[in-house]
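Here is the structure we will look at.
The values are calculated or read from the model by the stated rules, or taken from the named source; none is laboratory data. Note that the structure is predicted; figures quoted are calculated from it, not measured. Note: ideal-geometry Cβ built from the backbone for every residue, glycine included; neighbour counts use all protein chains shown. Ligands, DNA and RNA are stripped out before the accessible areas are found, and what is left, the full protein with its side chains, is counted by its heavy atoms. Shrake-Rupley method; radii C 1.70, N 1.55, O 1.52, S 1.80 Å.
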Amino acid sequence: MTDQIDLLVIGGGITGQCAALAAAEHGACVRIVDFKRNAGSHANAGSLHVQMQSRFLRLNPHLADNLESSLPLYLEAVAAWEALDRKLGGVELTREGGLMLADSPEQMTFLRQKAEREAKKGLSVDILDRDALPKIAPYLGSTIMGAEICHDEGKLNPLIANRKLEARLTELGVEHVYDRIIGFDMTTSNPIAKGTIDHSADQIVIAAAWGSGALANELGLAIKTPPEPLHMNITEAGDYRIHHLIQHAERPITLKQFRSGQVVIGGGWSAQAGEGDGIPTILSQSLLGNVALAATIAPGIGGLRLLRTWAGYNTPVDGKATIGPTLLHPRLHLALPGDAGYTLGPVVGQCAAALAMGFDPLTDPTPYAVSRWT
């Protein structure tokens, strides 16, 4: 292993990998240290969220302002994904919009109010009534009475994206070490991340998703990042008809179709957390409820066989990203998406690396400074 490390990235998910990529492309010697356990990015289904997710608003009404103020970052995040798509030679990224569905007048009122707030933040959104939906989404079921469309949203194939990103990092000479970081030594000339071995670097970025909270606590920051185990499914291939990212105004669902024809179904159904650091497992009620709801929303997928179900950890924080150096230890930086971590990973990772290494960030990270946690 290289002894002289310019940037040490803790966490090998999408955020950490994009921090490493940005730094390495600017000539830095970079090492990623990854626990390689229950990684959220490698369980992700590839949604590119931009509009405010109804599930987050429903579960965290007290954090709605945080999410709303972050909407410009989501627009920057999708632009960052488009740039990454070109750089990696294609990850099946499409931006044909996202539909949030309603099946009651009350839900339509919620969507109209939400769309008004989002438009003020620069999102391209419209409200569609029942007559407009068949023209763009003929696959929807008869219970759907209207929708909000966010033209900025999209989807990608995370299996392709993850594989190509790892290959690009290897080409750039980024080291990848499997270790669990448990703390830091700041008494030496360079900060040291302590695991089974010591990892010394000029700058350190913490991008460890649900593991970031414990490390931040070591630095005097009161951040909680409890892992949230969630359930997902994928079907066999069918005709490619669902071009949008699908959500619902009230019910827990995300639905999208890869160009291969396979349909990915998720949306916040609970899984069973693993013991200690164990792998999360499937709950039968989530499996049945999730796929039944999907078949109601898009009846045409009802005959497709389910090929696989799995669980992964989401990392909800407070609906707002945290990016930048810690006040007491300015050579230690945080790169923590506040919600929808796979969507925000490239822009959050790049911004954290830019602040650490002294090049221009993709967007102004000031609104997401670490100081709010002190």
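Quick rundown of the values:
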| read-out | value |
| --- | --- |
| Of all residues making up region 292-318, the number that are open to solvent by less than 60 Å² (accessible area, probe 1.4 Å), out of contact with any Phe, Trp or Tyr (no Cβ under 6 Å at 6 or more places or on another chain) and of a type outside the set (D, E, K, R) | 15 |
| Answer residue from region 115-149, given it is hydroxyl-bearing (Ser, Thr, Tyr) and out of contact with any Ser or Thr (no Cβ under 8 Å at 6 or more places or on another chain) and is farthest from Ile301 (Cα to Cα) among those | Ser124 |
| Members of region 327-374 found to be of a type in the set (A, V, I, L, M) and surrounded by fewer than 19 Cβ atoms within 10 Å (Cβ to Cβ), listed by number | Leu327, Leu328, Ala369 |
| Selection status of Leu140, out of contact with any Pro (no Cβ under 7 Å at 6 or more places or on another chain) and assigned to a loop (DSSP other than H, G, I, E, B) | yes |
| Selected residue [farther than 30 Å from Ala216 by Cβ, open to solvent by less than 40 Å² (accessible area, probe 1.4 Å) and of a type outside the set (Lys, Arg)] from Gly324, Gly289 | Gly289 |
| Neighbours by Cβ (under 6 Å, 6+ apart or cross-chain): first from region 137-151, at pLDDT 95 or above and among the small types (Gly, Ala, Ser); second assigned to a loop (DSSP other than H, G, I, E, B) and open to solvent by 70 Å² or more (accessible area, probe 1.4 Å) | Gly146/Arg130 |
| In region 191-205, residue farthest from Gly11 (Cα to Cα) [restricted to those that are touching a residue at least 40 places away in the same chain (Cβ under 8 Å) and open to solvent by 20 Å² or more (accessible area, probe 1.4 Å)] | Asp202 |
| Scope region 231-255; condition within 16 Å of Leu133 (Cα to Cα) and open to solvent by 30 Å² or more (accessible area, probe 1.4 Å); matching residues | Arg241, His243 |
| Residue count for region 308-325, restricted to those that are modelled with pLDDT under 95 and of a type outside the set (D, E, K, R) | 10 |
| Subset of region 83-100 that is touching a Lys or Arg at 6+ places or on another chain (Cβ under 7 Å) and either part of a helix (DSSP H, G or I) or within 12 Å of Leu165 (Cβ to Cβ) (or both) - its residue that is most open to solvent (accessible area, probe 1.4 Å) | Gly89 |
